[in-house]
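S.K.: Structure below; questions to follow.
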Amino acid sequence: MVSTNEVESAYQVAKERYAELGVDTDAAMAALKKIKLSVHCWQGDDIHGFLNPDQELTGGIGVSGNYPGVARTPDELTGDLHEALSLIPGKHKVQLHTIYAVTDKKKDLDEVGPEDFSYWVDWAKQEGVGLDMNPTFFSHPMVKNNFTLASPEKAVRDYWIEVGKKSREISNYFGEELGQQSVNNFWVPDGYKDNPIDKLSPRLRLMNSLDEIMKQKYDEKNTIEAVEGKLFGTGIESFTVGSHLFYNNYAITRNKLWTIDAGHWHPTEDVSDKFSAFLPFGRGLMLHVSRPVRWDSDHVVIMDDALMRITRSLVRDHELDRTNVGLDFFDATINRVAAWVIGARATQKAFLQAMLAPIDQLKQEENTYDFTTRLAVTEELKSYPFGAVWDEFCLQNNVPVGTDWLNNIHQYEKDVQFKRED
């Protein structure tokens with residue numbers, strides 16, 4: 001166990017070091033505490049959901065591994081989320097999908113409404129968290145040849161339009177009940193495996209379907225929509241209807257949020273560079289923090305260079321107020337609760353390190369062409385004792401410091417998760 005005295009002693013040294021650069025570590029921790037991560041529920045159950053948990057995953061989605069202790073029921077999943085949230089500093093949100101409805105009778109996706117999420121709202125109130133929403137456009141027989149909202153079949157489009165409309169009702173319900181704006185994120189898997197003849201018609205159909213879904217007006221203090229593009233996916237290697245440019249334009253022309261998933265881009269692209277190119281024109285961002293390996297593989301987030309570029313861009317350009325930060329990964333090769341904690345804490349660490357910099361001073365030197373100082377200071381900052389500030393942040397938020405949180409996970413495995421295999 002890390003002692004409180006050791007943490008506070010190290011923090012005082014770090015505080016003085018950063019103060020020499022004009023950086024207020026207390027102010028940085030206060031700013032970090034305001035960032036609410038949207039933690040994705042589907043890491044806990046391998047995206048099975050509760051409506052039809054035996055349905056095969058489709059839409060280019062797959063989960064690897066069979067680590068023991070997967071959540072199988074609403075109570076198991078919320079129990080796991082509670083354990084994870086108790087090890088992540090601050091108060092956050094939880095993302096849901098339509099398939100996580102809790103109902104006592106058989107319902108199809110287009111029949112699921114707010115009444116089927118009262119379980120989650122009651123839990124969120126008890127936990128003190130907000131809820132975000134994602135309509136489920138995958139793993140269903142009505143996904144016809146990799147098409148939903150852009151399908152050439154009107155009956156298919158109509159079915160998924162209703163799913164989208166219901167999700168907006170649910171998201172509005174979350175906002176009304178919890179007093180926090182609920183972001184409703186739209187991602188669809190539509191596309192072709194081989195080269196299409198007609199690229200325009202599917203995009204027109206997708207645009208019209210989304211417009212139909214968005215017709216009903218809701219108070220944006222309760223809910224707001226975000227649209228998420230993709231580079232490609234399994235089964236749609238040659239043509240993705242909902243490409244990044246398509247949704248960039250849709251978000252700007254419809255005054256919606258644009259969702260940037262860090263795993264949905266070509267590996268050589270710098271995702272963080274998209275923020276400053278979009279935000280002068282767009283409403284705001286929904287960010288899905290993920291970690292691709294070669295392509296969209298949704299590995300557990302770590303504090304790597306890509307994540308650091310993302311957080312630095314948002315902090316340095318003062319765009320956090322216009323950005324919703326969510327997590328999106330799924331890994332069943334390790335403890336699923338630990339995956340949440342590792343990814344969330346890595347994201348928070350990256351934000352903190354980005355905040356622990358004399359940003360205004362560096363901008364001034366940049367504007368006066370003093371690139372020498374800019375490079376020298378940013379390089380020296382890499383070895384500054386930000387870890388001591390992170391430990392203090394954990395201590396102040398009553399969560400374990402360092403790797404002490406792993407003791408909680410091992411005990412939770414023994415007492416709860418491993419017993420599910422009996």
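Every number in this text was worked out from the coordinates using simple rules, so none of it is lab data. Remember, predicted model here, so these are calculated numbers, not experimental data. Cβ: placed from backbone, ideal geometry, glycine included. Neighbour counts: every protein chain shown.
S.K.: State the antiparallel share, in %, of DSSP beta bridges confined to the chain, rounding to the nearest 5.
M.R.: 15 percent
S.K.: Under the 0.36 nm per residue contour assumption, what length would be gained going from the current alpha-carbon distance of Lys363 and Asp270 to full extension?
M.R.: Gain in length upon complete extension: 31.4 nm.
S.K.: Taking H as built 1.01 Å from N, whose amide H comes closer than 5 Å to the amide H of Leu37, not counting residues under 5 places away?
M.R.: For Leu37, whose amide H was placed from the backbone, the distant partners under 5 Å are Lys93.
S.K.: Skipping prolines and chain starts, which residues have an amide H placed within reach, meaning under 5 Å, of the one on Gln180, given they are 5 or more residues away or on another chain?
M.R.: Long-range HN contacts for Gln180: none found.
S.K.: Compute the distance in nm between two label points, each set 7 Å from the Cα along the Cα-to-Cβ direction, one at His318 and one at Asn208.
M.R.: 4.5 nm
S.K.: For the pair Ala19 and Thr73, how long in nm is the line joining their label points, each one 7 Å along Cα→Cβ?
M.R.: It is 5.4 nm.
S.K.: Moving on. Exposure proxy check: Phe371, Phe330, Phe278 ranked by fewest other beta carbons within 10 Å?
M.R.: Arranged by neighbour count, lowest to highest, Phe371, Phe330, Phe278 become Phe371, Phe278, Phe330.
S.K.: My understanding is that a pair violates if its Cα-Cα distance is over 22 Å; which of Lys33/Lys274; Lys166/Lys215; Lys34/Lys166; Lys91/Lys230 do that in this structure?
M.R.: As for pairs spanning more than 22 Å Cα to Cα, those are Lys33/Lys274; Lys34/Lys166; Lys91/Lys230.
S.K.: Any chance you could run the full-extension gain for Lys215 through Lys193? It's 0.36 nm times the residue separation minus the Cα-Cα distance, nm to one decimal.
M.R.: 4.8 nm
S.K.: Please give every one of the lysines within straight-line cross-link reach of Lys144, meaning a C-alpha to C-alpha distance under 18 Å, and leave out same-chain neighbours fewer than 8 residues apart.
M.R.: Result set, ordered by chain and number: Lys154, Lys193, Lys199.
S.K.: Neighbouring Cβ atoms within 10 Å as the yardstick, rank Thr368, Thr136, Thr323, Thr268 fewest first.
M.R.: Thr268, Thr368, Thr323, Thr136
S.K.: How much net charge surrounds Asp404 when only other residues with a Cβ under 15 Å from its Cβ are counted (Lys, Arg +1; Asp, Glu -1)?
M.R.: Every neighbour counted, the sum reads -3.
S.K.: Return the single residue from Ser201, Ser383, Ser272 with maximal mean-square fluctuation; model: Gaussian network over the chain, springs between Cα atoms under 10 Å.
M.R.: Ser383
S.K.: Let me ask something additional. If you rank Lys165, Lys107, Lys349 by fewest surrounding Cβ atoms within 10 Å, what's the result?
M.R.: Final ranking by Cβ density, sparse to dense: Lys107, Lys165, Lys349.
S.K.: Still on this structure, please answer the following. Please give the length that would be gained between Asn407 and Arg254 if that part of the chain were fully extended, namely 0.36 nm times their separation in residues minus their C-alpha to C-alpha distance (nm, one decimal).
M.R.: 50.3 nm
S.K.: Please compute the Cα-Cα pair-distance distribution of the chain with 10 Å bins starting at 0, giving whole percents from short to long.
M.R.: For the chain, the pair-distance distribution reads 4, 21, 31, 26, 13, 4, 0.
S.K.: To the nearest 20 debye, what is the magnitude of the charge dipole of the chain about its Cα centre, counting +1 on the Cβ of each Lys and Arg and -1 on the Cβ of each Asp and Glu?
M.R.: The calculated dipole for the chain is roughly 920 debye.
S.K.: Right, something else. Would you calculate, for the chain, the mean residue ellipticity at 222 nm contributed by helices, counting each DSSP H stretch of 4 or more residues as -39,500 (n - 2.57) and dividing by all residues, to the nearest 500?
M.R.: Result for the chain: -13000 deg cm²/dmol, rounded to the nearest 500.
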